[in-house]
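Take a look at the structure below.
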Amino acid sequence: MARTRKPVSKNNISPSTQRAFSPQRETPAIHPCVTYTLRPDDYVVVSTIATTQDILPHDAVGRPLPEMWPQVGAMLANLLNQVRDSGLPAAIALPGQAGSSIPCTCAPVSDGDGTISHLICTMMCDMPFTSTGEAEAEGARRAAVLDRILDNLPVGVLWVDAELNVLYANKAQRAREGILVGERLPIGPGDHHPHWRDAVTRAPVRWEDMPFIRTIRTGQSVEMIASIATGDGEAEQLVKTHPFYDAQGNVTEVIMIWVDVTEMQRLDQMKEDFLNEASHELRAPLEPLILASRFIQRWIGQPDHERDVKRLAGEVATHARRISRLVAEMLDMTRITAGYFAVDPIPCDLSRTILDAIEDQQTIWKREIITTGLDRPLSCSVDPERIWQVMTNLLSNAIKYSSAPEPIEVNAEVIPAENGVHASWLRLMVRDHGCGIASEHLPHIFSRFYRIMQSKQNGKGRDGLGLGLYICHSIITAHNGHIWAESTVGQGSSFFVELPLPPITPS
Ligand code: ADP
């Protein structure tokens, strides 16, 4: 019977044997370990022995062991007392650096009559030995690092004792109150803090209810949002306190931490306002849409209601378009803020796209729109749907904020590039002769949710979420173009869009 032979390595030495004798074999790590022989009465070190020299203190002999390990001196002394008093070996885990632990064993050595002559104490060190001076230097370094971390935190940290003496104040806290370490926190005059209000009730905060005083009084942590008057307005701060107690349970110190939540609260408010507005804006066209479709159902096929049905069908289309525009704007805004908004440029004739947008608006609003520069093809590489969206938005705003019979003007022109290296620019303009935009609003109209509370000129009431121009700006920026507005109150507004055209190829 054929047998599969076990493969034999070329030199007939098994892989494990090869590994064992391989020159790259790793030397097993020697764990730093130190053994002290101590006098039992005062724990003075008589002799030492260590696995590696760098963990041995050069001046260990002649010094009491607990004194050489100041961080854990008390625990060591307890262990040594226990072994000396009981005559039995014992062990503990001492806290080491960075959360590690140092196993420490201690055993008594007795002479012939049972008297303990020495104690043998062994420690598995996690780091080279640090003498008292080194430990202090290390402690100071850590304190300095911690100080720097606390100073760079975007939160305020205040540490006071039960008499309100400041033990520590980080940079943010110092900047806010100007209180220095060693000073006492001021209380009074009057019943209330002059600058603090409860953010929820808006009531001034009484001195006795200031978070750190409440914590000293009750022994409990306190959390509140305070509105604090600052030089240039009001800041909302989330304040939390943490007490420290002595052995009898009395509060000895309090740490107070505060975070400025003004911006967070503002964003929250903005989100809430937006949701309110959005639901209102979506509901507004829904009601008439439902009503119109009910009447259409009732009247359809009745010759004397034929004209009503036609009119209602037109209204259904208008309301549905408005809902669809609002939903599309919300989706676009989500994409823009999430950072995944993109355009998809293709070579196309932009004058066709612009004329389509104009035709749609004319059909809906029956307004005169005069065009110049659109009677020839404008070849460029853009996302035609997105540019249609921009033109539709600018045109519908122009119609909304001006009134017939004043016409809307649309102009397209190619602006030659100044340096001849880059492409030329295609400049589009949408001009109306409506109410105009006041100069204080002009810099903000392309911002998210920015709306000016002015009455529309076509009498259809206010609509929109203040997203239209924000989205236009994002679309044009994604095309490496520019968008801006010029306006004079009472005379009208001109919106400009500039898109880069392909480089001029030399003929
Ligand atoms: P919405 O999407 O709500 O229509 P937009 O972002 O399009 O808002 O416009 C922001 C604000 O800019 C509007 O509230 C309006 O007051 C103002 N605005 C925009 N276009 C015009 C214009 N052609 N004339 C006057 N005001 C305008």
Item to check | Filtered residues of segment 397-416 (kept if buried (at least 19 other Cβ atoms within 10 Å of the Cβ) and either within 15 Å of the ligand (Cβ to nearest atom) or among the polar types (S, T, N, Q) (or both)) | outcome: Asn397, Ala398, Ile399, Lys400, Tyr401, Ser402, Ile408, Val410
Checklist entry - Which of the residues belonging to segment 246-263 are touching a residue at least 24 places away in the same chain (Cβ under 8 Å) and either hydrophobic (A, V, I, L, M, F, W, C) or touching an Asp or Glu at 6+ places or on another chain (Cβ under 9 Å) (or both)? => result Val251, Thr252, Glu253, Val254, Ile255, Met256, Ile257, Trp258, Val259, Asp260, Val261, Thr262
Checklist entry - What are the pairs, 6+ residues apart or on separate chains, where a residue within segment 167-182 that is at pLDDT below 85 has its Cβ under 8 Å from a residue that is among the charged types (D, E, K, R)? => result Leu180/Arg174
Item to check | Test for Cys380: is it at pLDDT 90 or above and away from the ligand (no atom under 16 Å from the Cβ) | outcome: no
Checklist outcome for this item: Within segment 290-345, the count of residues that are in contact (Cβ under 8 Å) with a residue 60 or more places away in the chain, hydrophobic (A, V, I, L, M, F, W, C) and surrounded by 14 or more Cβ atoms within 10 Å (Cβ to Cβ) comes to 6
Next on the checklist: Checking Glu486 against (1) within 7 Å of the ligand (Cβ to nearest atom); (2) at pLDDT 95 or above; (3) not in a helix (DSSP H, G or I): exactly one of these is not met. Which one?
Outcome noted: (1)
Next on the checklist: Can you say whether Glu234 is surrounded by 15 or more Cβ atoms within 10 Å (Cβ to Cβ) and of a type in the set (Asp, Glu), as far as the supplied structure shows?
Outcome noted: no
Checklist entry - Are there any pairs with C-beta distances below 7 angstrom linking a residue in segment 390-413 that is under 17 Å from Leu469 (Cα atoms) and assigned to a strand (DSSP E or B) to a residue that is near the ligand (Cβ under 8 Å from one of its atoms) and hydroxyl-bearing (Ser, Thr, Tyr), with the two at least 6 apart or on different chains, and if so which? => result none
Checklist entry - For segment 348-359, does any single residue satisfy the condition of being closer than 30 Å to Arg376 by Cα and within 16 Å of the ligand (Cβ to nearest atom)? => result yes
Next on the checklist: For the structure I just gave you, tell me whether Ile358 is surrounded by 16 or more Cβ atoms within 10 Å (Cβ to Cβ), under 44 Å from the mean Cα position of the chain (by Cα) and under 19 Å from His479 (Cβ atoms).
Outcome noted: no
Next on the checklist: Kindly evaluate Asp349 against the criterion of being among the charged types (D, E, K, R) and touching a strand residue (DSSP E or B) at 6+ places or on another chain (Cβ under 8 Å).
Outcome noted: yes
Checklist entry - Glu368 is checked against (1) buried (at least 19 other Cβ atoms within 10 Å of the Cβ); (2) more than 15 Å from the ligand (Cβ to nearest atom) and fails just one. What number does that condition carry? => result (1)
Checklist outcome for this item: Checked segment 425-445 for anything of a type in the set (Asp, Glu) and near the ligand (Cβ under 9 Å from one of its atoms); matches are Asp432
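The values are calculated or read from the model by the stated rules, or taken from the named source; none is laboratory data. Please read all numbers here as calculations on a predicted model, not as lab measurements. With ideal geometry, Cβ positions are generated from the backbone for all residues, glycine too; neighbour counts draw on all protein chains shown.
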